[in-house]
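The values are calculated or read from the model by the stated rules, or taken from the named source; none is laboratory data. For clarity, every value in this text was computed on a predicted model and none was experimentally measured. For neighbour counting, all protein chains shown are included, and Cβ atoms are generated from backbone atoms with ideal geometry for every residue, glycine included. Keep in mind that these areas ignore ligands, DNA and RNA; they rest on the heavy atoms of the full protein, side chains included. Shrake-Rupley method; radii C 1.70, N 1.55, O 1.52, S 1.80 Å.
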Amino acid sequence: KVIEFTLYEQIERDAATDSLTGLYNHRHFRAMLDREIDRAARFNQQKSLLYLDLDNFKDVNDTFGHLHGDMVLVEVADIIKQCIRTIDVAGRCGGEEFAVLFPEPDRYGAFIVGERIRAGIEEHFKKREFQGALCPLTVSGGIACFPDDALTVEQMLAKADVALYQAKGAGKNQICVHHAEKRSFIRLRLADSVVVQQVDPMNGLAEAKAVNISHGGVLFRSAKPFDLGALLEIRFKSEGTGEGRSPMSLHVELPEGSLPPTAQELENMRVMARVVRIEDIGLPEGKAGEFEIGCYFIVENPESERRLMTY
């Protein structure tokens, strides 16, 4: 009976996992996704889905052969396993497609893990050689969240797929968040300086130059890099209208009975933001503006939003 039970466990494990990579196969991953979303709906929880697709994987197969392509898939799966926690669920959903379900993190937590996987794959295959030739490989990914982006499994898969194709269209080798990548707000060029303080985790102050701003977030350039997912306090230092700013051309609808903020309220306005993108723009070392950093505003109350919109 012990032998029979061990054999049964092996058969059950083989039915749930992908024989090549050891990750869950598509059928079992989808079943777990259905179950987790159903649980999230009943208990008012958040779930995040990361969908990954290897960039130009066909070139690997065409250049080195399918046997080497299989070895690459095994190594990619190992990197994914190293980057996720035991409670996260990873599966192989197609030839070179992978997915990770996060039972707890919000979109920013999923984004940080996705970036860790992306960077790990890029770094590993940057040095990887096969038959004396380098085999560079990168991955693109899309993230969608329940219930913010989708209310069903089908919607969640579709939204993650949309974000994935945004990442592919933007140049590949990057992770896109569905909500973050929706161009819902007009972006305005901004010439003001900003003072940035990383408050969680605490990491000092930096002077920076704003690039553009919208109702949803701000893009600025700084000589100091900030961590992905870090919480920042940004203080805007007004410098007049500045190049690209024309306040008189905008009309702000204020709630009935409210008054516009005073000049003193707007002076050195502070707002909390979360880092969701960082890019080394390749300027000479030591020059300001070495890193371009994208943040999404965290607006805690209507009063803060009123000041931000008026600004």
For region 105-170, which whole percent of the accessible surface, found with a 1.4 angstrom probe, sits on carbon and sulfur atoms?
56
Phi to ³J(HN,Hα) by Karplus 6.51 cos²θ - 1.76 cosθ + 1.60 over region 71-82, Hz, x for Gly, Pro:
4, 5, 4, 5, 5, 4, 4, 5, 5, 4, 4, 5
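What does the C-alpha gyration tensor say about the overall shape of region 61-114? Classify as rounded when a/c is under 1.5, otherwise prolate if a/b is larger than b/c, or oblate.
Working: a/c = 2.82, a/b = 2.63, b/c = 1.07.
Taking the square roots of the gyration eigenvalues as a ≥ b ≥ c, region 61-114 is prolate.
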If DNA, RNA and ligands are ignored and the probe is 1.4 Å, what is the ranking of Thr152, Thr86 by accessible area, most exposed first?
Thr86, Thr152
Taking every pair of Cα atoms in region 73-142, average 1/r, invert it to obtain the Kirkwood radius, and report Rg/Rh to two decimals.
1.00
Interchain or sequence-distant (5+) residues whose placed amide H lies within less than 5 Å of the amide H of Ile175 are Gly141
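Please report the net charge: other residues with Cβ closer than 11 Å to the Cβ of Asp53, K and R +1, D and E -1. Don't skip to the end; give the middle numbers.
On the way: positive: Lys168, Lys172; negative: Asp55, Glu96, Glu97, Asp161.
Net local charge, Asp53 excluded: -2.
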Under a 5 Å amide H to amide H cut-off, with H placed in plane at 1.01 Å, what residues pair with Leu137 once short-range neighbours are removed?
Phe125, Lys126
